[in-house]
Amino acid sequence: MALIICPECGNKVSDKAKVCVHCGYPLEEVDLSEQLTDIASDEKKCVINNIEYDLLPVFNLVEEGNFVQAVVFLKKILNDSISIGNIVNIIEYIDMYKEVPKEYEIRNFSKEEDQDLAYEILFKKPSTNNKIQTDKSIKCPTCGSSDIKKITVGQKVTNIALFGLFGNKRTKQFHCENCGYEW
């Protein structure tokens, strides 16, 4: 799904919408294909160390939950010159804000710093901001506890970087604080 600009009111609206949610203008009668490609590519460009990259494929992969492929693609377009710490930062930004950062400056991590960052993200005590703040309808399938936290993109990417396809967090979404079960 991409956002387009309504020709009537100028607000952003889904390309799948039949009418504008802001003004009711019928969008199915208007040819927005050219506008769609312009907006999609403009919104997903990021300047990394003074070079502009189109991160639309990375954005789409993160939105689909394909973090492994997002890591591989990001490393490929940056010619393997980016560390896991930078990849985690970019992917977490995309996942958290649902947009590509306009500008990102690559931080030069030493090998030790990179490993420490990966270790910290993977093994640090979970922060309270990852707790699910819902009506507690999500319960652990093993113990029934509602003390659940969401597994972050950073934890998934780090797990993949350390263990490759054998990493166990890449397909998991939640972690039970009571029994430790992940699903």
Cβ pairs under 6 Å, 6+ apart, first in the range 73-101 and among the small types (Gly, Ala, Ser), second surrounded by fewer than 21 Cβ atoms within 10 Å (Cβ to Cβ) and not in a helix (DSSP H, G or I):
Ser83/Phe109; Gly85/Phe109
Criterion first (surrounded by fewer than 19 Cβ atoms within 10 Å (Cβ to Cβ), within 18 Å of the chain's Cα centre (by Cα) and over 14 Å from Cys46 (Cα atoms)) does Val72 satisfy it?
yes
Filter the range 133-170 for residues that are among the β-branched types (Val, Ile, Thr), in contact with a Lys or Arg (Cβ under 9 Å, 6 or more places away or on another chain) and not in a helix (DSSP H, G or I); which is surrounded by the most Cβ atoms within 10 Å (Cβ to Cβ)?
Ile148
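Quick grid of which residues meet (1) in a strand (DSSP E or B); (2) modelled with pLDDT under 80; (3) loosely packed, with under 15 Cβ neighbours inside 10 Å:
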residue: Glu29; (1), (2), (3): no, yes, yes
residue: Val47; (1), (2), (3): yes, no, yes
residue: Glu63; (1), (2), (3): no, no, yes
residue: Asn79; (1), (2), (3): no, yes, yes
residue: Glu99; (1), (2), (3): no, no, yes
residue: Arg107; (1), (2), (3): no, no, yes
residue: Tyr119; (1), (2), (3): no, yes, yes
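The values are calculated or read from the model by the stated rules, or taken from the named source; none is laboratory data. Just so you know, these numbers come straight off a predicted model, no measurement behind them. For neighbour counting, all protein chains shown are included, and Cβ atoms are generated from backbone atoms with ideal geometry for every residue, glycine included.
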